[in-house]
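The values are calculated or read from the model by the stated rules, or taken from the named source; none is laboratory data. In this text the structure is predicted, and so the values were computed from the model without any measurement. Cβ coordinates were reconstructed from backbone atoms using ideal geometry, including for glycine residues, and neighbour counts include every protein chain displayed.
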Amino acid sequence: MTDRFKLGVLAAGAVASLGALAPTLATASPPQGVSATKAHGSASAAAHGSASASTHRGGSAAGHGSGSGGRSGSGPGPAALPCPSIALSQPFLAWGDKGEYALLRGEDPDNFDGSGWKLNGGARVMDVRLDDGGTGQVLDLPAGASVVSPAICVSPAYPKARTLVRDLAGSQGVHIYVSFYKNGAWGRSFSNGMVKGLHGNWAASVPIMIHAASLKSLTPARFTLVAGGSRSEYQLYNFYVDPRLIK
């Protein structure tokens, strides 16, 4: 056997050994949110729907599945993954937040009708007095209640979400989770922390980070909201996702 032949055999064996190695994946623990700290004044938002291309980004995707807070969703995902344009507005300017936000399906500015949301454990839509003194529909979450939102397409350019919330009873707040639809299935749910109001008054929540930094393209996401505490009740409306931040 020649030296050249021996070297060829050794090289082939090394390539085969390398090919048998499998990569491992590591998942970082998501950061925790904190409670809202600023009372809500009046905030106006343009109605979502058709608008010029300069104020639109890829957005909502049809379909949603069932799931519970903090657990992987096993419900069906969107049959197709379209990401049509969505209207943007700046509803939190009163808090120095210049982010352009988009409403999820089942919402209009200052009105939560719940279309496409999955309500569980006593969650309901009801008419109440809003922060600006008008009347509109909001999401009511008594103790043990949870909801799963419709899907909306997000990307690394969609860093956060935000909502208006108040506490009617309890102080544990509403816990927020997000999951992403990849490879034909909903993945595990990541905790986004908690939002709460100010002693029964409407408040703008702190920004809710949605863990989209690892996404490589527009990806359907859905949110699960869970009422904390055993003797609690919370209400919220104007749940927005922020596709980008205006400096």
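This table checks each residue for (1) within 21 Å of Gly144 (Cα to Cα); (2) among the charged types (D, E, K, R); (3) out of contact with any His (no Cβ under 8 Å at 6 or more places or on another chain).
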{"position": "Trp186", "(1), (2), (3)": "no, no, yes"}
{"position": "Ser189", "(1), (2), (3)": "yes, no, yes"}
{"position": "Asn192", "(1), (2), (3)": "yes, no, no"}
{"position": "Ala213", "(1), (2), (3)": "no, no, yes"}
{"position": "Lys216", "(1), (2), (3)": "no, yes, yes"}
{"position": "Arg231", "(1), (2), (3)": "yes, yes, yes"}
{"position": "Leu236", "(1), (2), (3)": "yes, no, yes"}
{"position": "Phe239", "(1), (2), (3)": "yes, no, yes"}
{"position": "Asp242", "(1), (2), (3)": "no, yes, yes"}
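In the set (1) modelled with pLDDT of 90 or more; (2) part of a helix (DSSP H, G or I); (3) among the hydroxyl-bearing types (Ser, Thr, Tyr), the condition left unmet by Ser54 is number (1).
Residues considered: Asp140, Asp97, Asp132. Of these, the only one that is crowded, with 18+ Cβ neighbours inside 10 Å and assigned to a loop (DSSP other than H, G, I, E, B) is Asp97. Among the residues making up the range 150-185, those that are among the small types (Gly, Ala, Ser) and either on the phi > 0 side of the Ramachandran plot or in contact with a Ser or Thr (Cβ under 6 Å, 6 or more places away or on another chain) (or both) are Ala169, Gly170, Gly173, Ser179, Gly184. The sole residue among Tyr181, Tyr158 that is in a loop (DSSP other than H, G, I, E, B), within 20 Å of Ala221 (Cα to Cα) and modelled with pLDDT under 95 is Tyr158.
Checking the stated criteria, Asp127 turns out not to satisfy the condition of being part of a loop (DSSP other than H, G, I, E, B) and either surrounded by fewer than 17 Cβ atoms within 10 Å (Cβ to Cβ) or modelled with pLDDT under 90 (or both).
In the range 146-178, which residues are closer than 18 Å to Gly106 by Cα and aliphatic (A, V, I, L, M)? Answer for the range 146-178, where residues must be closer than 18 Å to Gly106 by Cα and aliphatic (A, V, I, L, M): Val147, Val148, Ala151, Ile152, Val154, Ala161, Leu164, Val165, Ile176, Val178.
Among the residues making up the range 188-205, those that are surrounded by 15 or more Cβ atoms within 10 Å (Cβ to Cβ) and out of contact with any Lys or Arg (no Cβ under 8 Å at 6 or more places or on another chain) are Phe190, Ser191, Asn192, Gly193, Met194, Val195, Lys196.
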